[in-house]
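Novice: First the structure, which I've put down as structure tokens, then a few questions once you've had a look.
The values are calculated or read from the model by the stated rules, or taken from the named source; none is laboratory data. Worth saying up front: this structure is predicted, and the values here are computed from it rather than measured. Here the Cβ is made from the backbone with ideal geometry for all residues, glycine too, and neighbour counts use every protein chain on show. Keep in mind that these areas ignore ligands, DNA and RNA; they rest on the heavy atoms of the full protein, side chains included. Shrake-Rupley method; radii C 1.70, N 1.55, O 1.52, S 1.80 Å.
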Amino acid sequence: MKSEGEERIDRGLRRSALVAIGLAVIVGGTYLALRKPRPRVPDPTLAPGATDTKPAREKSAREQAPVPFRDVAAEVGLVFTHENGATGAKLLPETLVGGVAIFDADGDGRQDVAFARGTKWTGDQFSSPPPSDQSSVQLFLNTTAREPGAAITFAPAIDCGLVSSIYAMGLAAGDYDGDGRVDLYVTGVGANQLFQNETPQGGPPQFADVTQRAKADPPSDHPRWGTSAGFFDADRDGDLDLLVGNYVRWSPEIDRRVDFRLAGIGRAYGPPTGFEGDDLLYLRNTGDGTFENATESAGFAIRNSLGHPTGKALGLIFVDPDQDGDLDVVVANDTVPKGFFVNDGAGLFKESAAECGLAFDRSGAATGAMGIDSGYLRAISGSRGEDLAIAIGNFANEPDSLYISRGRTANFSDDAIVEGLAAPTRSVLTFGLVLEDFDLDGDLDIAQANGHIEDQINRVQASQTHAQRGQFFVNSKDESPCFIELPASAIGDLGAPRIGRGLASADLDLDGDVDLVMTQAGGTVALLRNDRASGGHWLRVELKPGISGQGMIGAQIELESGGSLQRRLLSPTRSYLSQCELPMTFGLGASTKVDRLTIRWPNGQVQQVPVSGIDRTISVSAP
């Protein structure tokens, strides 16, 4: 009789074969029958009345342009190795680690980087590991000189107060107390922590553990396994609430009872199918420096017919598909239906994933969902509408999901096949995933971190390896499919095999384009500097709180340039266990001016911002 792991692999292989046989029918029949061709924007270089005889693929020469990344972590001082505590027992948390947060910890305008380290296990008892000489959270300060072309430099923050001994998993950055300084929340196996930022103006960063005082890790009848988390203003009262994803009900004893095995290997890392799910944790900000557990009253406790929690959350994002100003939540659950919590505007949520098309993939199956991000695929212009996409990285033998809602609705369909994302991602296991305009042409590209959970997987499945190359999908702009994978030779060190986990984006060297930080399970981190050779103008927009402490997360920015409009939602909670920077980079392509910049703040106020130049960073304070 086959083990659960062998059955999972067999199902994946059978499914891959069936999809390969039916791909021509699906793409050729379903696409032509159900989808209208995407209108092509006329080539402005052609004379009036001239016929365009160039093949579409030949015209899209930009898809062949390299977007190379170079790993400069060691040479710039970002020297960090993740500790997952693995000793051969194959405990599930050891392979799902790797949070990274990019935020301005000391308020100097440069983006700093924090890592969730994990720690060593102490034995069979489920408890937080004892303090050690290394904190479970480590912060690196960005010391790059403020001048064009300056080389990136980092230095570890010493005695900054980020002292943690939990088995750290994910990080969330946000100003929960409204004092203008970004605080840090750390999720972990068995415990979470909240660190309040108390950095004096102009001084070195300083944090204090206020978990107990702020009631930021409320008691539970079972140990929680916190994963991705994010700050957002759920009830639009002006302060930031906190949503924490929980994976499964876990302990070393439960893990050993589940006893996942692979033939010829023995005990192995496996799927969470043998573990009971868990609820999200929703902490409502009371406004007095504390939180209250409002998980059930706000609608985040979802149960099955037996009364058991259904979620197995690994990633989460905040979205606003209908542009009503209320932040909704999408949760990437592993092997169970994804969650979509629709906000009624007062902080009460209704789970609506199935009715909105987000619960399952194109074939109606729940996927092994990991990392997640969202954005408008293309700049909006005359023939191009508002294509809001939610991209999700899935388990091996499951392609990425790409849910698209066309127009201001919450009606999604999984268009990964027709938009070019399915076939190239089927052979990898994706964790971190971000949408950014890496080539500064005005449309969002995709970068993702890949790596299998089982270090011996190649012995039982020849198509899989533990370390896997990262991937980059360039946005084809006016063509269909939307995404085209660049070869490894065109993306530099992003294409090197790694046990990829967390992935976060930021302009770390202040040169206008977006760089990446990638973590590995039990390995060193990579700082992937964007060394693009192509041109492209840009504008970087940094939002700041107003005198009243008005929050920024949830603000929407619209930028018009060259006859098209780009729209972004400000939320750093993205990817896998990670946080991206708060400033947003808009690519302008060949455009040399910004025609209009509009900000809709979370309180509903709309602000028109004059832009006097490009290729620069502008700061805008809330009114």
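Novice: Name the residues in the stretch 458-488 that are more than 22 Å from A416 (Cα to Cα) and in contact (Cβ under 8 Å) with a residue 12 or more places away in the chain, would you?
Specialist: Filtering the stretch 458-488 for residues more than 22 Å from A416 (Cα to Cα) gives 458-462, 465-467.
Answer for the stretch 458-488, where residues must be more than 22 Å from A416 (Cα to Cα) and in contact (Cβ under 8 Å) with a residue 12 or more places away in the chain: R459, V460, Q461, T465, H466, A467.
Novice: Another question, if that's okay. Since V525 meets every condition but one in (1) in contact with a helix residue (DSSP H, G or I) (Cβ under 6 Å, 6 or more places away or on another chain); (2) surrounded by fewer than 22 Cβ atoms within 10 Å (Cβ to Cβ), which condition does it not meet?
Specialist: Here V525 clears every test but (2).
Novice: How about the stretch 520-623: which strands (runs of 3 or more DSSP E) wholly inside it have at least 2 residues that are more than 25 Å from A504 (Cβ to Cβ) and over 18 Å from the mean Cα position of the chain (by Cα)?
Specialist: Working: elements: 526-530, 537-544, 556-561, 564-569, 584-589, 596-600, 606-608, 616-621.
Those strands (runs of 3 or more DSSP E) span 556-561, 564-569, 596-600, 606-608.
Novice: When you look at V517, is it in contact with a strand residue (DSSP E or B) (Cβ under 8 Å, 6 or more places away or on another chain) and assigned to a loop (DSSP other than H, G, I, E, B), yes or no? Walk me through how you get there before you give the answer.
Specialist: Values: in contact with a strand residue (DSSP E or B) (Cβ under 8 Å, 6 or more places away or on another chain): yes; assigned to a loop (DSSP other than H, G, I, E, B): no.
So V517 fails the test.
Novice: Continuing with this model, one more query. What pairs come up if the first residue lies in the stretch 249-275 and is exposed (fewer than 15 other Cβ atoms within 10 Å of the Cβ), the second is outside any helix (DSSP H, G or I) and of a type in the set (F, W, Y), and their beta carbons are under 8 Å apart, counting only those six or more places apart or on different chains?
Specialist: Pairs that qualify, where the first residue is exposed (fewer than 15 other Cβ atoms within 10 Å of the Cβ) and the partner is outside any helix (DSSP H, G or I) and of a type in the set (F, W, Y), are E253/F126.
Novice: While we're here: Among D439, D511, which is open to solvent by 30 Å² or more (accessible area, probe 1.4 Å), part of a loop (DSSP other than H, G, I, E, B) and farther than 21 Å from L314 by Cβ? Quick ask: steps written out before the conclusion?
Specialist: Numbers: D439 fails: open to solvent by 30 Å² or more (accessible area, probe 1.4 Å).
Matching residue, one of D439, D511: D511.
Residue-by-condition table, conditions (1) modelled with pLDDT of 95 or more; (2) over 20 Å from the mean Cα position of the chain (by Cα):
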| residue | (1), (2) |
| --- | --- |
| V342 | yes, no |
| F349 | yes, yes |
| I372 | yes, no |
| G382 | no, yes |
| A391 | yes, no |
| S401 | yes, no |
| I404 | yes, no |
| P424 | yes, no |
| S427 | yes, yes |
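Novice: Return the residue satisfying two criteria in turn: it lies in the stretch 139-195 and is in a strand (DSSP E or B) and of a type in the set (S, T, Y), and of such residues it is farthest from the chain's Cα centre (by Cα).
Specialist: Filtering the stretch 139-195 for residues in a strand (DSSP E or B) gives 139-142, 154-156, 167-174, 183-189, 193-195.
Checking which are of a type in the set (S, T, Y) leaves us with 167, 185, 187.
Numbers: Y167: 21, Y185: 16, T187: 16 Å.
Selected residue: Y167.
Novice: Turning to a different aspect of this structure: Which one of these does T592 not meet: (1) open to solvent by 50 Å² or more (accessible area, probe 1.4 Å); (2) polar (S, T, N, Q); (3) within 30 Å of F395 (Cα to Cα)?
Specialist: With (1) open to solvent by 50 Å² or more (accessible area, probe 1.4 Å); (2) polar (S, T, N, Q); (3) within 30 Å of F395 (Cα to Cα) applied to T592, the lone miss is (3).
Novice: Still on this structure: Filter the stretch 442-457 for residues that are under 30 Å from R384 (Cα atoms) and either touching a His at 6+ places or on another chain (Cβ under 9 Å) or assigned to a strand (DSSP E or B) (or both) and give the result.
Specialist: Here is the first cut: in the stretch 442-457, the ones under 30 Å from R384 (Cα atoms) are 442-449.
Hits for the stretch 442-457 are D445, I446, A447, Q448, A449.
Novice: Hey, does the stretch 528-546 have a residue that's open to solvent by less than 10 Å² (accessible area, probe 1.4 Å) and polar (S, T, N, Q)?
Specialist: yes
Novice: Sort through A86, A101, A116 and tell me the only one that's modelled with pLDDT of 90 or more, farther than 30 Å from R257 by Cα and either surrounded by 21 or more Cβ atoms within 10 Å (Cβ to Cβ) or hydrophobic (A, V, I, L, M, F, W, C) (or both).
Specialist: Values: A86 fails: farther than 30 Å from R257 by Cα; A116 fails: farther than 30 Å from R257 by Cα.
That would be A101, the only listed residue that is modelled with pLDDT of 90 or more, farther than 30 Å from R257 by Cα and either surrounded by 21 or more Cβ atoms within 10 Å (Cβ to Cβ) or hydrophobic (A, V, I, L, M, F, W, C) (or both).
Novice: Right, next: Going by what's in this entry, would L486 be described as within 30 Å of G385 (Cβ to Cβ) and either at pLDDT 95 or above or in contact with a strand residue (DSSP E or B) (Cβ under 7 Å, 6 or more places away or on another chain) (or both)? Steps first, answer last, please.
Specialist: Values: within 30 Å of G385 (Cβ to Cβ): yes; either at pLDDT 95 or above or in contact with a strand residue (DSSP E or B) (Cβ under 7 Å, 6 or more places away or on another chain) (or both): yes.
The answer is yes for L486.
Novice: Which of the residues spanning the stretch 300-322 are of a type in the set (K, R) and surrounded by fewer than 16 Cβ atoms within 10 Å (Cβ to Cβ)?
Specialist: Initial filter on the stretch 300-322 (of a type in the set (K, R)): 303, 312.
R303 - this is the single residue of the stretch 300-322 that is of a type in the set (K, R) and surrounded by fewer than 16 Cβ atoms within 10 Å (Cβ to Cβ).
Novice: Inside the stretch 119-138, can you point out the residues that are modelled with pLDDT of 95 or more and either open to solvent by 10 Å² or more (accessible area, probe 1.4 Å) or in a loop (DSSP other than H, G, I, E, B) (or both)? Give the steps one after another, and end with the answer.
Specialist: Looking only at the stretch 119-138, we keep the residues that are modelled with pLDDT of 95 or more, and these are 137-138.
Within the stretch 119-138, Q138 is the sole residue that qualifies.
Novice: Failed condition for G226, given (1) in contact (Cβ under 8 Å) with a residue 40 or more places away in the chain; (2) over 15 Å from G190 (Cβ atoms), with all others met?
Specialist: (2)
Novice: Using the structure shown, decide if F207 is more than 26 Å from M370 (Cβ to Cβ), of a type outside the set (S, T, Y) and touching a Phe, Trp or Tyr at 6+ places or on another chain (Cβ under 7 Å).
Specialist: Details: more than 26 Å from M370 (Cβ to Cβ): yes; of a type outside the set (S, T, Y): yes; touching a Phe, Trp or Tyr at 6+ places or on another chain (Cβ under 7 Å): yes.
Yes.
Novice: Taking L194 as the residue in question, decide whether it is among the aliphatic types (A, V, I, L, M), in contact with a helix residue (DSSP H, G or I) (Cβ under 9 Å, 6 or more places away or on another chain) and either open to solvent by less than 30 Å² (accessible area, probe 1.4 Å) or at negative phi (or both).
Specialist: Working: among the aliphatic types (A, V, I, L, M): yes; in contact with a helix residue (DSSP H, G or I) (Cβ under 9 Å, 6 or more places away or on another chain): yes; either open to solvent by less than 30 Å² (accessible area, probe 1.4 Å) or at negative phi (or both): yes.
Against the criterion (among the aliphatic types (A, V, I, L, M), in contact with a helix residue (DSSP H, G or I) (Cβ under 9 Å, 6 or more places away or on another chain) and either open to solvent by less than 30 Å² (accessible area, probe 1.4 Å) or at negative phi (or both)), L194 qualifies.
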